[in-house]
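Here's the structure, in C-alpha cells; my notes come after.
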Amino acid sequence: MNAAEETEMKLTTAGAGGGRAPRLRALAAALAVVAMTALLTSACGGSSQATALQGRLLSVADLPAGWSAVPVNPEIAGASPCLSSLPASPDGLAHATTAFVEGTSIPTFAEALTSGPQAQQQWHGLNQALARCRTATITLAGKKAGVTIKPLSFPRVASASSAYAWSFTIAGIRIGVDMILFQAGKYAGYVVYSDLGQPAVATAQAFADAAAAKAKTGSTARITGAVSIASAPVQTAHTKLGTVAYRATGSGPPMVLIMGYGGTMETWDRRFVDALAGHYRVVIFDNSGIGGTQTLPGPLSIDAMANQTSALIATLGVGRPDVVGWSMGSMIAQALAVLHPDQVNRLILCASYPGNGTAIRPSQQAINALNSGDQQRVMAVLFPAGQTAAQYAYLSAISSYPAAPAAPAGTVTAQGHAVDQWWAGTDPAGQHAASIAVPTLIADGTADQLDPLANSHTLARLIPGAKLTLYPDAGHAFLFQDQAAFVPLIESFLG
C-alpha cells in the first residue's frame, strides 16, 4: 500500500451525549487500521490483476445492515523476528484488499485475496511464520503496543485454513483481532476481524466462510444480521398499545431487555447484548415516544410503560421471557412482574429502586450531570473515577449501531415525572414488590452515584427470595463495566 493510498478515517457523531472525545476519535481511527493487521505480515504488492480480484472480495452489499466500506490509513508499523523472512513484494502475485466498519467505530473487518503463481507459496509462508510468532510490536499514532499472537481453535474454512488470535491494549482498552487464513479454489487469502476484547468465533466464522465462498464461486449469500445486535434491523411490532420499534438477535429462550431513563435501544452496550445472545433470543426496544415507538397518552407512568412492554411481548409471541431492566428500565421490569406475572419467567434488576416510598434519591448534582448533555459529565456519573478505559470501551461499543436520533426532550421530561412518582411511592405497581413471585436477581455497583446502595438492599428485602450481587468500584453502568463477570452470573441465575 503506497503513500498515495493513505486516507484518514473520521469518526462521526453517534449515540447519547453528542460528539466523541478526541481520545475516542483516535481510538476509532486506530481500530480501522487494526483491521488491516496483515500489513504487518505482507506487503500490498501491486498487480494488474488486483482490479479483477475486487470482484472476488466481499462488498458492503454482502454484509449485514449498518456496515460500510472505510478508507484505510496504513499509518502502522510492525516488527517481529518471526515475520522478517516474508517477501516484501513477491513476483507474480495479485493482491487486493478491502475493509469495512460497523456503525461509526468498531468492530472492523477486512480481507485480502491473492492469486497467481506464488499465491499458494505465500499462503504457506505466512502460515508457517505466524505459527512461530508469539509476540510482535505495532506502532499506532506514534505509540508502540505489544501484541500477543496465539493459534486459534477455529472451524475449517474452505479447502484449508488456519487461524490466529492477536491481542493488544490501546487507550487502556483490550483489543482482539482474529486472523483466518484460507485457500479456496485457485485463491489464497485471509480475513481479519477486530473488536473490543476477543471477537466472537461465530461472528468471525460468518465473515470467513462468506469470504471463502465468494473467492471460490464469485458469489455468496448475504451474511446474516444476527452476527451482532448492532447489525440486526430495526423492526416494528403493531401492538394493542401502538407500534413498538425493536431489534432481536441470538437464539434460545427469549429474553427482553428494558432500557432506562432517556436511553434509546442503541444505548445498550453491543458487547453485553451479543454475549447474552450466545444463549438467548434477545429483544431490545425503544420505550414510549422514542424512535419508532408510539407515544402513550399522558401523563406517562412506569405502569403505562410496563403495559406497553407487555403488549410487545404478547405481539412477538415469546411467551414468558426472562426480563432484564436497567435503572428506570428496572422499575418497568418490576411493574411488569406485578401487573403481568404470567409474562415474566425470571427477573434481573440492574441499578434498581424500590417503589414503595422508601427509595433514597440520588443527589441533585448527579441528576444534573446525567441531564447535562455533556458527554464527559454523563460518563463520569455512569462510571467511577479511574474507569476511563471502561468509559471509552462503552462509547466505542454503542457507536457500532447505525446513527439514531436521541430521545425527544419532551419524552425525557415525561420519563422524569414517572420516575419521581415511583420514588415517591405513588405508582400503584411500585407499592407491590412483595407480590413478585418469580426468581429475582438484583445487582448494582458499590459506587453508583445515581442509585444509592441502600436502595438495592431495601429492594432485596422487599422481593421474596431475591438474590443481591454488588460489584466493587463499579457505578450505575456496572453491567457494562463488569460484564465479563455479570453475564456469566446472569446465565448461571437463569440456569
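The values are calculated or read from the model by the stated rules, or taken from the named source; none is laboratory data. Because the structure is predicted, anything quoted here is derived from the model rather than measured. Because the Cβ atoms are built from the backbone with ideal geometry, glycine has one as well, and the counts that use them run over all protein chains shown. Side chains included, ligands, DNA and RNA excluded: accessible areas come from the protein's heavy atoms. Shrake-Rupley method; radii C 1.70, N 1.55, O 1.52, S 1.80 Å.
Based on alpha-carbon positions alone, could you give the equivalent ellipsoid semi-axes of segment 316-369 from the gyration tensor, as √(5λ), descending, whole Å? Walk me through the numbers on the way to the answer.
On the way: eigenvalues 140, 29, 12 Å².
Ellipsoid half-lengths, sorted descending, are 26, 12, 8 Å.
Would you mind checking the tilt of helix 302-316 against the longest principal axis of the Cα atoms of the chain, expressed as 0 to 90 degrees and rounded to 10?
Between helix and principal axis, roughly 50 degrees.
Hey, any idea what % of the chain's accessible area is carbon plus sulfur with a 1.4 Å probe? Can you show the working numbers first?
Details: 10010 of 18460 Å².
Ligands and nucleic acids excluded, carbon and sulfur give 54 percent.
Write down the accessible area per residue of segment 99-190 in Å², having rolled a 1.4 Å probe over the full set of protein chains.
Details: 3410 Å² over 92 residues.
Computed with neighbouring chains in place, this is 37 Å² per residue.
How many percent of the alpha carbon pairs in segment 178-290 exceed a separation of 22 Å?
Details: 2810 of 6328 pairs.
Everything past 22 Å amounts to 44 percent.
Mean projection of the alpha-carbon convex hull of segment 254-374 over all orientations, in nm²? If you can, show how the numbers build up before the last one.
Details: hull surface 33.1 nm².
Over all viewing directions, segment 254-374 projects a mean Cα-hull area of 8.3 nm².
Which three lengths, in whole Å and largest first, does segment 419-495 cover when its Cα atoms are put on their principal axes?
36, 30, 16
Would you tally the net charge around Asp420, using a Cβ to Cβ cut-off of less than 12 Å, leaving Asp420 out, and scoring K and R as +1, D and E as -1?
On the way: positive: Arg361; negative: Asp427.
Residues close to Asp420 contribute a combined charge of 0.
Figure the gain on full extension for Ser363 and Thr148 (residue separation times 0.36 nm, minus the Cα-Cα span) and round it to one decimal in nm.
Numbers: separation 215, 0.36 × 215 = 77.40 nm, distance 4.45 nm.
Contour length minus Cα-Cα distance gives 72.9 nm.
Could you tell me how many degrees, from 0 to 90 and to the nearest 10, lie between the Cα long axis of helix 409-424 and the main elongation axis, the longest principal axis, of the Cα atoms of the chain?
50
With equal scatterers on the alpha carbons only and no solvent term, can you work out the Debye log10 of I(q)/I(0) for segment 94-146 at 0.31 1/Å?
Results for segment 94-146 at q = 0.31 Å⁻¹ read -1.02.
Take the Cα radius of gyration of segment 319-448 and divide it by 2.2 N^0.38 Å, with N its residue count; two decimals is plenty.
Working: Rg = 16.1 Å, N = 130, 2.2 N^0.38 = 14.0 Å.
Rg over 2.2 N^0.38 Å, computed on Cα atoms: 1.15.
Once fully extended, how much extra length lies between Arg222 and Val412, figured as 0.36 nm per residue of separation less the alpha-carbon to alpha-carbon distance?
Values: separation 190, 0.36 × 190 = 68.40 nm, distance 3.79 nm.
Length gained between Arg222 and Val412: 64.6 nm.
About the Cα centre, and with charges only on the beta carbon of Lys, Arg (+1) and Asp, Glu (-1), how big is the dipole of the chain? Nearest 20 debye, please. Don't skip to the end; give the middle numbers.
Values: 27 positive and 27 negative charges, 162 e Å.
Charge dipole, the chain, about its Cα centre: 780 debye, nearest 20.
How far apart, in nm, are the 7 Å Cα→Cβ label points at Gln294 and Thr135?
6.2
If r is the Cβ-Cβ distance from Thr446 to Thr388 and R0 is 25 Å, what FRET efficiency results, to the nearest 0.05?
Details: r = 19 Å, r/R0 = 0.74.
Given R0 = 25 Å and the Cβ-Cβ separation, E is 0.85.
I'd like the Kirkwood hydrodynamic radius of the chain, using the inverse of the mean 1/r over distinct C-alpha pairs, in Å. Intermediate results must be reported in sequence, preceding the final value.
Values: mean 1/r = 0.0421 Å⁻¹.
The Cα-based Kirkwood calculation yields 23.8 Å.
Below 13 angstrom from the Cβ of Gly357, what's the summed charge of the other residues (Lys, Arg +1; Asp, Glu -1)?
Values: positive: Arg361; negative: Asp420, Asp427.
Spelling it out: positives minus negatives among the neighbours equals -1.
Return one number: the angle in degrees, 0 to 90 and rounded to the nearest 10, between the long axis of the Cα atoms of helix 22-34 and the longest principal axis of the Cα atoms of the chain.
40
So for the chain: antiparallel DSSP bridges make up what percent, rounded to the nearest 5? Walk me through the numbers on the way to the answer.
Details: 61 of 83 bridges.
Here the share of antiparallel DSSP bridges comes out near 75 percent.
Under the definition of Cα pairs under 8 Å and six or more residues apart, what whole-number percent is the relative contact order of segment 347-475? Write out the running numbers ahead of the final one.
Numbers: 190 pairs, mean separation 55.9, N = 129.
With pairs under 8 Å counted, the relative contact order is 43 percent.
Could you provide, to the nearest whole Å², the per residue accessible area of segment 258-313 with probe 1.4 Å?
Values: 1430 Å² over 56 residues.
Per-residue accessible area for segment 258-313 comes out at 25 Å².
Would you tally the net charge around Pro107, using a Cβ to Cβ cut-off of less than 9 Å, leaving Pro107 out, and scoring K and R as +1, D and E as -1?
Working: positive: Arg270; negative: Glu102, Asp195.
Result for the local shell: -1.
For Lys186, give me every one of the lysines with a C-alpha distance below 28 angstrom, ignoring sequence neighbours fewer than eight places off in its own chain.
Qualifying lysines at Cα under 28 Å: Lys150, Lys214, Lys216.
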